[in-house]
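Read through the structure below, which is laid out as structure tokens, and then see the notes.
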Amino acid sequence: MKSQKQLIEKFGDPYKDRASFEKKWMQLWDVPQEINEAIPALPNKIYCNYYVITPLEDTLRELIANDLHKEIRTWDGCFNIRTKRGSSGISTHAWGIAVDLNAAWNPFKGKVTWSKEFVSVWRNNGWICGADWSAKSKDGMHFQWEGF
Ligand SMILES: [Zn+2]
């Protein structure tokens, strides 16, 4: 997992200079229509770090191909300049490289309701899954992409 220092070196500090961070890295992704049709919970446009667009699209397509996409019930956000839950560190959401899904069923430090197969597809596409974290930071709703 990348450290906060590495992420700041790569993308800058969104807290200190949000405008230039957004201008350089953030993009409004037009979610392909067939993905929206398969997963109605997703918005039509997702504002995210442009590094995430290809892996997110690939992951969603693989979920659909394996009939695992039906597990996605709610979209709970991507870009959000905030600290980590339960910590003073900067959340990867502040760089737009993380997405939250099914938050109500996969609360921070709580249970994880995804199937093993669902989480495997994310892992195999280069995502770090909060479901894999130890009990004190387990975050089942959370998927972050650090394949750069
Ligand atoms: Zn998250």
- For segment 57-118 and segment 1-56, write down the distance between their C-alpha centroids in whole Å. 13 Å
- Message: Let's see if you can work this out: charge +1 on each Lys and Arg Cβ, -1 on each Asp and Glu Cβ, no other charges. What is the dipole magnitude of the chain about its Cα centre, in debye to the nearest 20?
- Response: 740 debye
- Which lysines, on any chain, are close to Lys116 with Cα under 23 Å apart, when same-chain ones fewer than 8 places away are left out? Lys70, Lys136, Lys138
- Task: Run the numbers on segment 18-115 and let me know its relative contact order in percent, using alpha-carbon pairs under 8 Å that are six or more apart.
- Result: 22 percent
- Item | Computed helical MRE - 222 nm, the chain, DSSP H runs ≥ 4 contributing -39500 (n - 2.57), nearest 500 | -9000 deg cm²/dmol
- Task: Please express the Cα-Cα pair-distance distribution P(r) of segment 4-145 as a list of whole percents, one per 10 Å bin, running from 0 to the bin with the greatest distance.
- Result: 12, 44, 34, 10, 0
- Query: Within a Cβ distance under 11 Å of Ala104, other residues only, what is the Lys/Arg minus Asp/Glu net charge?
  - Reply: -1
- Query: Which of the aspartates and glutamates could a cross-linker span from Lys2 if the Cα-Cα distance has to be under 18 Å and same-chain partners fewer than 8 positions apart are dropped?
  - Reply: Asp13, Asp132, Asp139, Glu146
- Of Pro32, Pro14, Pro55, which is the most mobile in a GNM of the chain whose springs link Cα atoms less than 10 angstrom apart? Pro32
- Within segment 73-122, list the trypsin sites (Lys or Arg not before Pro) lying in a DSSP loop whose Cβ has at most 12 other Cβ atoms in a 10 Å radius. Arg82, Lys111
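Throughout, read-outs are computed from the coordinates displayed, never taken from laboratory work. What you are looking at is a predicted structure, and each value in this text was computed from that prediction instead of being measured. Counting neighbours? That spans all protein chains shown, and the Cβs are built from the backbone with ideal geometry, glycine included.
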